[in-house]
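J.: A single structure is presented below for examination.
The values are calculated or read from the model by the stated rules, or taken from the named source; none is laboratory data. What you are looking at is a predicted structure, and each value in this text was computed from that prediction instead of being measured. All Cβ positions, even for glycine, are placed from backbone atoms using ideal geometry, and neighbour counts span all protein chains on display. What goes into the accessible areas is simple: the full protein's heavy atoms, side chains included, and nothing from ligands, DNA or RNA. Shrake-Rupley method; radii C 1.70, N 1.55, O 1.52, S 1.80 Å.
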Amino acid sequence: VFDDCAGNEGVEFEVSNPNFLIDENLNLVPRRDVIDSGDVMFVHGVNVHVDDMAQVTIMGAPSRSPQTLREILGLSDLMPYRSKRSLLVPPMFVPENQRAPFPRSIGKVISSDMKEDHIFRLTGRGADQDPKGVFSINRLTGEVAVSRALDREAIAYYHLQVSTTDLSGKLVEGPVDLDVSVIDQNDNRPVFKEPRYSGEVLEGSPTGTTVMTMTAYDADDPNTDNAVLRYIIVRQLPDKPSPNMFYIDPERGDIVTVISPHQLDRETLPTTQYELEIVAKDMAGSEVGLTGTATATITITDRNDHAPEFTHSLFQASVNEGSTGVVVNLTVDDRDDPATGAWRAIYSIINGDPNQNFEIQTNLDNNEGMLSVVKPLDYESAMFHTLLIKVENEDPLVPDVVYGHSSTATVYITVMDVNEGPVFFPDPLVVIRRENIPVGSFVAMLNATDPDYLQSQNIRFAVLRDPADWLIVNPFKGNVTTRAILDRESPHVHNNQYTALFMATDNGSPPATGTGTLIITLEDENDNAPYVFPSVARVCEDAKDINVVVIGGRDKDIHPNTDPFKIELGKQPGLEKTWKISRINADSRLPISPESTRSNIERHVNLQTSVSCLRRESVADAVIQRDRTREVI
């Protein structure tokens, strides 16, 4: 029975057991066959005029099952009334979100020994402890009331104590526990953990492949349908090729593919990303359930199911002989996802390059193959080159796809003739000549050929670098002769070798030049007289040691035109009376002063020694002086 005193218009009823409802005649009826209804149910009725709740006790209900309200509320271990006590305190239930007026009675405590001078007292959290004043008890009647609307999600359970005292406050009975449970209402919408979810699925995946899982949370009582969620897909963008490409498990939130593997082709789909609007509804998905919404973005990822194909079966290019660098860019088409290993190309030359004159690399920006000449080509050796090029991907193809004819291409390269400079042979040209040969003597014959043998061209020779200006070349014949005396002892000669550079120029258009080196190894002539070293010696006037100095011979020539030297005193009269030379070794002598007093030595003496080698002789002056510092030079 429900009466709001206004005709009961717009009344909505809610039954704590979802298996029951209130029909239009206010009958409590089951929605379906019910095995166990539990032993208590609550019916909530509300409209603009009134908000009230009734408790329905089921008499003769079978033994309790896990679906009874007490089990749901966690009260299975509580007896409705305390035994062996005069103070009877039943458990009490308060629906959350009740509307005014307040206070509202939620139950009554009975004392069988209650006397006129006894009063009821309520303590605990929600009474005299924070939050204070939520519950109160009539001191005389024991009626318990709630003073304001409760929020189960804030506090779902209150544990209070009831006792009786006399007027002076002396405890008469108790305290006895009073448990107040807040009954959940469906006042919280499901909330997804994230507003937007992202997932990926590989193209060609089998139907039923799990893509991702959506998870929502409902703050209502998890033991009631208020928090039982069901998931549905309400929209798919784009909706091609089918508006139902994906399915979400209503209970677990798993999104799986519905579309066939053949249709799940990244290259033929209108887009590689699909957006799904997912709705989570509580009350197990019933019409009165509250909803929450999130977006799932699904990306169709690529697999290497398309082989790269050349845009042309034949590419042509031309290159000047003797040059290097890129000659042609090869283009390919690949329908796989760019910037992935399924799209990136690897090129290889599989035929036509026995001398490895060519190299091909991948342009990472556009995936083109850059064919380059790395070893210069010779027009006279081969005017044309035909290469067979193959293209593959970094990633292997899927098992049912193979590389076809379109993955190979032919490159036809024409070598352009370029006027090449003459080439000297041999280079360098090494000859042996004696020094001091007469001017105009033949030194060498230069030999230079023109690589452009298919053309009839003349070659002219010229001296490019001749450090000592000793040589001259016939411009037409290439024979080199002397224009000056060759001197092995010249500073331009190093290690007995003299180096000159020559140039050969053809009469092509434009003319081309080549250079060659001539190395002349000079044989020695005995054309340099030996000399005494040192040429000046110093000795103290009163020196006790009669050994004055060790002198030796030097010669700019080389063996056998040098040592052994013969060193003797010169022909100056009287020298032999004062000086004597003794041999130490093949190229040194030691002058000494025998039996002569120092007074016999003139203050200025010119000492001549004669140094001769095997075939030439030289006379050198040794100056001996005696000055006031008693030094003799």
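J.: What's the extension gain from Glu24 to Thr481 if we count 0.36 nm per residue and subtract their Cα-Cα distance?
T.: Length gained between Glu24 and Thr481: 151.1 nm.
J.: Given a 1.4 Å probe and the protein chains all in place, what does the accessible area of Val430 round to, in Å² to the nearest 10?
T.: 80 Å²
J.: For Ile485, what accessible area in Å² do you get when you roll a 1.4 Å probe over the heavy atoms of the protein chains, rounding to the nearest 10?
T.: Approximately 80 Å² for this residue.
J.: As a test of reading the structure, rank Glu541, Glu143 by solvent-accessible area (1.4 Å probe, protein chains only), most first.
T.: Glu143, Glu541
J.: How large is ³J(HN,Hα), in whole Hz, for each residue of region 242-253 in order, when computed from phi with the Karplus curve 6.51 cos²θ - 1.76 cosθ + 1.60 and θ = phi - 60°, using x for Gly and Pro?
T.: 8, x, 10, 6, 10, 9, 10, 5, x, 9, 8, x
J.: Also, quick follow-up: Whenever you get a sec, line up Asp220, Asp225, Asp450 from highest to lowest accessible area (probe 1.4 Å, protein heavy atoms). Could the numbers behind the result be given before it?
T.: Working: Asp220 5, Asp225 50, Asp450 25 Å².
Listed by decreasing accessible area, they come as Asp225, Asp450, Asp220.
J.: Let me ask something additional. At what distance in nm do the modelled label points of Val398 and Tyr217 sit from each other, each positioned 7 Å from its Cα along Cα→Cβ?
T.: Output for this residue pair reads 3.9 nm.
J.: Which lysines have a Cα lying under 22 Å from the Cα of Lys375, excluding residues fewer than 8 positions away in the same chain?
T.: Hits, sequence-local ones excluded: Lys390.
J.: Each label point is 7 Å from the Cα along the Cα-to-Cβ direction; what then is the distance between the points at Val48 and Leu202, in nm?
T.: Between Val48 and Leu202, the label points sit 6.2 nm apart.
J.: Distance from the Cα centre of region 197-231 to that of region 278-354, in angstrom?
T.: Distance between centres, Cα-based: 31 Å.
J.: In nm, give the distance between the simple-model label positions of His312 and Met59, each being 7 Å from the Cα along the Cα-to-Cβ direction.
T.: 10.0 nm
J.: Moving on. With θ set to phi - 60°, apply the Karplus curve 6.51 cos²θ - 1.76 cosθ + 1.60 along region 515-530 and write out the HN-Hα couplings as whole Hz, x wherever there is a Gly or Pro.
T.: 10, x, 10, 10, 10, 9, 8, 8, 8, 7, 10, 7, 10, 10, 6, x
J.: Roll a 1.4 Å probe over the protein heavy atoms and report the accessible area of Lys108 in Å², nearest 10.
T.: 110 Å²
J.: Can you give the % of DSSP beta bridges in the chain that are antiparallel, to the nearest 5? List each step's numbers first, then the result.
T.: Details: 138 of 163 bridges.
Restricted to the chain, the bridges split so that about 85 percent are antiparallel.
J.: What are the residues whose amide H is under 5 Å from the amide H of Val539, where those residues sit 5 or more places off or on another chain and H is modelled from the backbone?
T.: Distant-sequence amide H within range of Val539: Val632, Ile633.
J.: To continue, here is another question. With each run of n ≥ 4 DSSP H residues scored as -39500 (n - 2.57), what mean residue ellipticity at 222 nm is computed for the chain after dividing by its residue count and rounding to the nearest 500 deg cm²/dmol? Don't skip to the end; give the middle numbers.
T.: Working: 2 runs with 9 residues, N = 633.
So the helix-based figure for the chain works out to 0 deg cm²/dmol.
J.: Let me ask another. Treating cross-link reach as a plain straight distance, find the lysines whose alpha-carbon is under 30 Å from the alpha-carbon of Lys108, omitting any fewer than eight places away in the same chain.
T.: Result set, ordered by chain and number: Lys84, Lys132, Lys170.
J.: From the protein chains alone at 1.4 Å, what is the descending order of accessible area for Leu264, Leu569, Leu202, largest first?
T.: Leu202, Leu569, Leu264
J.: How many angstrom lie between the Cα centre of region 420-443 and the Cα centre of region 11-31?
T.: Each part's Cα centre sits 123 Å from the other's.
J.: Relative contact order for the chain: what is it in percent, counting Cα pairs under 8 Å that are at least 6 residues apart?
T.: Over the chain, the number comes to 6 percent.
J.: Which whole-Hz couplings ³J(HN,Hα) result when phi for each residue of region 433-441 is put into the Karplus expression 6.51 cos²θ - 1.76 cosθ + 1.60, θ = phi - 60°, listed in order with x for Gly and Pro?
T.: With coefficients 6.51, -1.76 and 1.60, one gets 9, 7, 6, 6, 5, x, 4, x, 5 Hz.
J.: Here's a follow-up. Efficiency by 1/(1 + (r/R0)^6): what FRET value for Ala382 and Asn495, r their Cβ-Cβ distance, R0 = 45 Å, to the nearest 0.05?
T.: Efficiency, from the Cβ-Cβ distance: 0.60.
J.: Decide, for the chain, between rounded, prolate and oblate: order the square roots of the alpha carbon gyration tensor eigenvalues as a ≥ b ≥ c, take rounded if a/c falls under 1.5, and otherwise choose prolate if a/b is larger than b/c, else oblate.
T.: oblate
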